[in-house]
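K.L.:
Following this message is one structure expressed as structure tokens.
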Amino acid sequence: MTQLVTITLAAGKGTRMKSNLPKVLHQVAGKSMVQHVVDTASDLEPVNNIAIVGYKSELVKEETEGEIEFVKQEEQLGTGHAVMQAQDKLASFSGTVLVLYGDTPLLTVETLEELLAKRQSSNSAMTVLTTKVVDPTGYGRIVRDDNGQIARIVEEKDTSSQEAKIDEINTGICAFDSQLLVENLTELEADNAQGEYYLTDLVGILVEKGERVSALLTANHQETIGVNSRRHLAKAEKTLRKRICNHHLDRGVTIIDPANTYIDAEVEIGQDSIICPFTFLEGETKLGSEVVIGSQSRIVDSELGDGVEVKSSTIVESKVGDDSLVGPYAYLRPGSELAENVKVSDFVEVKKSQIGSGSKVPHLSYIGDAKIGQNVNVGAGTITANYDGQNKHQTVIEDDVFVGSDSTLIAPVKIGQGAVTGAGAVVKDDVEDGDTIVGVPAKSFR
Ligand code: UD1
Ligand code: CA
């Protein structure tokens, strides 16, 4: 393989989205469209992964991660004009340039590898990825000559009524010999219905000069969808969700109803886990093996160990250790860390707290800014009163403590190892190891 430079076009506003957000920042399966594309590009290990940005370029740069070189297109004068902005970067480069569109998030690396291989084996100046669709509306049409060779691409707005019927379309993805690309970019003109410099005109220009131009017709038209509107976005979302579910199913995860399960692109799930319907696994969530996620759970940017069970609960930016049980109807807010064999069950809210192994918070509690040791039992209705109206304070509960039902622990406060609070205790002062305290205010006896 020759060396590769990838150029992702992401400068457009995306007028048809009717949005304040640049089109390429709209998300598909929890990841922006342009991020999908530059990630796929980076899997090809290019020497330079360039993204052309323009509309709200600062925002696009800020929101896009990876080793990307951003190049600004001040005015968006078309896809050809966008590629011209990277010309300087290509001056001393000799190899393949792959142009990708920031609004085709479902493309796979396999298809791109096929495209690059085809360009090289056919020794083409340019190879275009095409596909056949039932409804070609909105796409550039592929015009072939009498020998079936690709002759030019006609944009929708420039088609004759005959050309409009062509069902083979331009996906927008194309690979070039870098030098022939640079030489011919200057030949583009904006004499068309939209007054834009079309990258697609390079097909006709190169063919007329006698250069070899080829097409790779892919059967997988679903992965080449270009998202121009919210309808397309919804369609892309559905297709990608299905692909993600299939990926996990193939790796030994049971998904009871894939059509009603929403797993983001970056989520990892261990073998023999079971995902029940109406579950949302979002962001950088990682599940261990033999995990069961009960119906109607939402887990965001969290890490769950092996054998964890979650029922109808919400977990955000938290960690849950092996064999722990969360829910039904628990809410783990950011910074919650449950060790192994912990039980946080019905109507319990936990925030920025650590709960040690074997401990239980089974019913109707609020645990905030707390550090709870091992084998602690927190009775029903217990509250850590962590906020005095101005500042947040910590509650420490050491190992083997038994907190009686409906205790109110007024932070900052510490309950020593093995201590007991009676039902309804309002605990204002620290409790010594092994003490039992009852009443309001706390009175202690052995
Ligand atoms: C383009 C193709 C069309 C193809 C379709 C596939 C051209 C002229 N047409 O049409 O043949 O069937 O994609 O989805 O290439 N962009 C810039 N700068 C610009 C203009 C566009 O960076 O000046 C970016 C956009 O942000 C977008 C991509 O290029 O990510 C494609 O632009 P878009 O306007 O969506 O092109 P289409 O009309 O869909
Ligand atoms: Ca498009």
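The values are calculated or read from the model by the stated rules, or taken from the named source; none is laboratory data. These numbers were taken from a predicted model, which means no experiment stands behind them. Here the Cβ positions follow ideal geometry from the backbone for every residue, glycine too, while neighbour counts run over all protein chains shown. Surface areas here come from the heavy atoms of the whole protein model, side chains and all, with no ligands, DNA or RNA. Shrake-Rupley method; radii C 1.70, N 1.55, O 1.52, S 1.80 Å.
K.L.:
Let me have the 222 nm mean residue ellipticity of the chain computed from DSSP H runs of 4+ only, each contributing -39500 (n - 2.57), with the sum over all residues rounded to the nearest 500. Present the calculation step by step, with values, prior to reporting the outcome.
P.N.:
Details: 8 runs with 78 residues, N = 446.
The helix contribution divided over the chain gives -5000 deg cm²/dmol.
K.L.:
Let me ask you something else. Work out the FRET efficiency for Glu62 and Asp272 from their Cβ-Cβ distance, taking R0 = 35 Å, and round it to the nearest 0.05.
P.N.:
On the way: r = 39 Å, r/R0 = 1.13.
E(calc), rounded to 0.05, equals 0.35.
K.L.:
Which of Ala151, Gln179, Leu409 sits closest to the plus end of the dipole of the chain, meaning its Cα is farthest towards the positive end, when Lys and Arg get +1 and Asp and Glu get -1 on the C-beta?
P.N.:
With unit charges placed on the Cβ atoms, the residue in question is Leu409.
K.L.:
Using the alpha-carbon atoms, what tilt in degrees (0 to 90, nearest 10) does helix 33-43 show relative to the longest principal axis of the chain?
P.N.:
80
K.L.:
Something else: Could you work out, for the stretch 100-216, what percent of all Cα-Cα pairs fall into each 10 Å distance bin, beginning at 0 Å and stopping at the bin that holds the largest distance?
P.N.:
That works out to 13, 46, 36, 5, in percent per bin.
K.L.:
Would you mind pulling out the separation of the Cα centroids of the stretch 249-307 and the stretch 84-117, in Å?
P.N.:
About 34 Å separates the Cα centre of the stretch 249-307 from the one of the stretch 84-117.
K.L.:
Assigning unit charges at the beta carbon (Lys, Arg +1; Asp, Glu -1) and nothing else, what dipole magnitude in debye, to the nearest 20, does the chain show about its Cα centre?
P.N.:
Working: 42 positive and 67 negative charges, 236 e Å.
Computed charge dipole of the chain: roughly 1140 debye.
K.L.:
Kirkwood Rh and Cα-based Rg: tell me the resulting Rg over Rh for the chain, rounded to two decimals. List each step's numbers first, then the result.
P.N.:
Values: Rg = 29.2 Å, Rh = 25.1 Å.
Rounded to two decimals, Rg over Rh is 1.16.
K.L.:
Report the calculated FRET efficiency for Arg230 and Gln162 (r = Cβ-Cβ distance, R0 = 35 Å), to the nearest 0.05.
P.N.:
Values: r = 31 Å, r/R0 = 0.90.
Between Arg230 and Gln162 the formula returns 0.65.
K.L.:
Accessible area per residue for the chain in Å², computed with a 1.4 Å probe and the full protein assembly in place, what is it?
P.N.:
Working: 20510 Å² over 446 residues.
The answer is 46 Å² per residue.
K.L.:
Any chance you could get the radius of gyration and Dmax over the Cα atoms of the stretch 107-149, in Å?
P.N.:
Reported Rg and Dmax, both Å: 12.4, 32.
K.L.:
When all C-alpha to C-alpha distances in the stretch 4-224 are sorted into bins of 5 Å, what percent of pairs does each bin hold, rounded to whole numbers?
P.N.:
Taking every Cα pair in the stretch 4-224, the percentages come to 1, 7, 15, 20, 22, 18, 11, 4, 1, 0.
K.L.:
Suppose R0 equals 35 Å; then what is the FRET efficiency for Arg212 and Ala259 from their Cβ-Cβ distance, rounded to the nearest 0.05? Could the numbers behind the result be given before it?
P.N.:
Numbers: r = 45 Å, r/R0 = 1.28.
Given R0 = 35 Å and the Cβ-Cβ separation, E is 0.20.
K.L.:
When only the heavy atoms of the protein chains count and the probe is 1.4 Å, how do Asp103, Asp400 rank by accessible area, highest first?
P.N.:
Asp400, Asp103
K.L.:
Roughly what angle does helix 109-121 make with the longest principal axis of the chain, taking Cα atoms, 0 to 90 degrees, to the nearest 10?
P.N.:
Helix 109-121 and the main axis of the chain meet at about 20 degrees.
K.L.:
Here's something else I'd like to know. Per residue, what volume in Å³ does the convex hull of the Cα atoms of the stretch 278-350 enclose?
P.N.:
Values: hull volume 4.2 nm³, N = 73.
It is 57 Å³ per residue.
K.L.:
First compute the accessible area of the chain with a 1.4 Å probe, then give the percent of it belonging to carbon and sulfur atoms. Intermediate results must be reported in sequence, preceding the final value.
P.N.:
Details: 9130 of 20510 Å².
Using a 1.4 Å probe with all protein chains present, the chain comes out at 45 percent carbon and sulfur.
K.L.:
Still on this structure, please answer the following. Post the alpha-carbon centroid distance, the stretch 208-232 to the stretch 34-72, in whole angstrom.
P.N.:
Between the Cα centre of the stretch 208-232 and that of the stretch 34-72, the gap is 21 Å.
K.L.:
On to the next question. Sticking with the crude label model, points 7 Å out along Cα→Cβ, report the distance from Lys428 to Asp135 in nm, one decimal please.
P.N.:
7.0
K.L.:
Place a label point 7 angstrom from the Cα of Asn123 along the Cα-to-Cβ direction, then list the residues of the stretch 201-232 whose backbone nitrogen is under 20 Å away.
P.N.:
Under cut-off, by backbone N: 206-216.
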